[in-house]
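Report on the structure given below.
The values are calculated or read from the model by the stated rules, or taken from the named source; none is laboratory data. In this text the structure is predicted, and so the values were computed from the model without any measurement. Cβ: placed from backbone, ideal geometry, glycine included. Neighbour counts: every protein chain shown. Accessible surface is based on the protein model in full, side chains and every heavy atom, while ligands, DNA and RNA are left aside. Shrake-Rupley method; radii C 1.70, N 1.55, O 1.52, S 1.80 Å.
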Amino acid sequence: DTASAKFDLNGVNLRALSRLARVTPVTGNVTGSASFTNGPGPATGDFRLVVANANPVGVTADPVSLTMSGQLRDAVLTASVTGEGQGFKLAASSREVMVIGKGFDVRPDVNAPLQAQLDMNGRAEQLWALFGPEDQSLRGELQANVRASGTIAKPDLSGGFSVAKAAYEHGETGVSLRDITANGAFDENSVRITNLTANDGHGGKISGDGSINWQNQLSGSVNFTANDLRALGRDDRLAVVSGKGAISLDETTTNITGDFTVEQARISVEQP
């Protein structure tokens with residue numbers, strides 16, 4: 001007739017957890033508690049987690065702190081997240097209607113009204129160090145202001161985001177882009193990406209724009225133009241290309257298409 005659960009964390013090592021999750025190792029610790037009870041009265045729940053002194057391994061300055069909390073009352077889950085450190089600030093909150101079944105059967109009502117918001121500004125390299133692949137890097141200024149309404153099944157988003165003074169490097173291919181800028185604007189059921197530009201530091205440039213729509217089903221594309229762009233930039237391999245391409249996506253696949261001319265290339269085979 002009833003179901004209940006409770007757990008407490010006290011100074012759990014984030015480095016151990018990041019190894020279990022097979023993500024980039026992170027130092028710091030997490031403390032918190034959560035509880036849930038369902039029956040014989042209405043289901044209730046509470047949680048609070050505090051992440052302290054979080055940083056990529058080897059970094060000690062300006063550690064990240066996060067506080068996540070929420071409660072379930074009268075089949076409504078309200079939650080919030082705040083955080084700062086490593087040059088960024090984050091504030092998010094949401095209100096979701098839940099479907100309560102028996103026992104631990106609790107899930108969001110995807111057709112109920114949704115309220116959520118996200119405000120974030122800071123440096124891309126700090127988030128990339130925590131979540132990005134190790135052989136790639138991204139740095140620059142990030143800003144985002146997003147509001148969500150509608151339903152989970154069909155969210156309506158407003159607000160926008162921007163990337164400025166950014167740089168990206170890919171170790172395997174030697175691709176190096178700098179002065180990356182991009183803007184995005186949400187319009188209920190779509191997002192428009194504009195002013196996407198970057199250069200390779202050797203006279204090559206790339207630019208693009210696009211949109212993603214989810215009103216009926218997920219679809220969209222980002223079109224880009226490359227002019228004398230270093231698509232390979234290592235000592236043993238170099239390729240400069242020009243042309244036009246597109247990245248398109250739908251419910252099941254992501255397709256990359258394009259027509260490029262190799263303006264010049266050098267391949268050095270120095271070992272068997």
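A compact table of results
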item: Considering residues of segment 115-140 that are of a type in the set (Asp, Glu) and farther than 23 Å from THR60 by Cβ only, the residue modelled with the highest pLDDT; result: ASP119
item: Qualifying positions in segment 1-49 - closer than 15 Å to LEU72 by Cβ and open to solvent by less than 30 Å² (accessible area, probe 1.4 Å); result: ALA3, ALA34, ASN38, GLY39, ALA43, GLY45
item: Number of positions in segment 51-62 that are open to solvent by 50 Å² or more (accessible area, probe 1.4 Å) and either part of a strand (DSSP E or B) or touching a Gly at 6+ places or on another chain (Cβ under 7 Å) (or both); result: 2
item: Wholly within segment 64-111, strands (runs of 3 or more DSSP E) carrying at least 1 residues that are of a type outside the set (S, T, N, Q), within 17 Å of the chain's Cα centre (by Cα) and modelled with pLDDT under 95; result: 64-73, 76-85, 88-100
item: First in segment 101-120 and free of Cβ contacts under 8 Å to residues at least 12 places away in the same chain, second anywhere and loosely packed, with under 15 Cβ neighbours inside 10 Å, Cβ under 6 Å, 6 or more apart; result: ARG107/VAL99
item: Checking PRO155 against (1) touching a Phe, Trp or Tyr at 6+ places or on another chain (Cβ under 9 Å); (2) more than 30 Å from THR24 (Cβ to Cβ), the condition it does not meet; result: (2)
item: Answer from VAL110, VAL106 - the residue that is surrounded by fewer than 17 Cβ atoms within 10 Å (Cβ to Cβ), β-branched (Val, Ile, Thr) and more than 22 Å from LEU196 (Cα to Cα); result: VAL110
item: Condition broken by THR82, with the remaining ones in (1) farther than 30 Å from GLU172 by Cα; (2) in contact with a strand residue (DSSP E or B) (Cβ under 8 Å, 6 or more places away or on another chain); (3) open to solvent by 50 Å² or more (accessible area, probe 1.4 Å); (4) touching a residue at least 24 places away in the same chain (Cβ under 8 Å) satisfied; result: (4)
item: Segment 151-161: number of residues that are surrounded by 15 or more Cβ atoms within 10 Å (Cβ to Cβ) and either more than 10 Å from GLY184 (Cα to Cα) or hydroxyl-bearing (Ser, Thr, Tyr) (or both); result: 5
item: Selected residue (criterion: modelled with the highest pLDDT) from residues of segment 3-38 that are among the hydrophobic types (A, V, I, L, M, F, W, C) and touching a helix residue (DSSP H, G or I) at 6+ places or on another chain (Cβ under 8 Å); result: VAL30
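Residue-wise test of (1) modelled with pLDDT under 95; (2) over 19 Å from the mean Cα position of the chain (by Cα); (3) open to solvent by less than 40 Å² (accessible area, probe 1.4 Å); (4) of a type in the set (Lys, Arg).
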position	(1), (2), (3), (4)
VAL163	yes, no, yes, no
GLU169	yes, no, no, no
GLU172	yes, yes, no, no
HIS202	yes, yes, no, no
ASN213	yes, no, no, no
GLY220	yes, no, yes, no
ARG234	yes, yes, no, yes
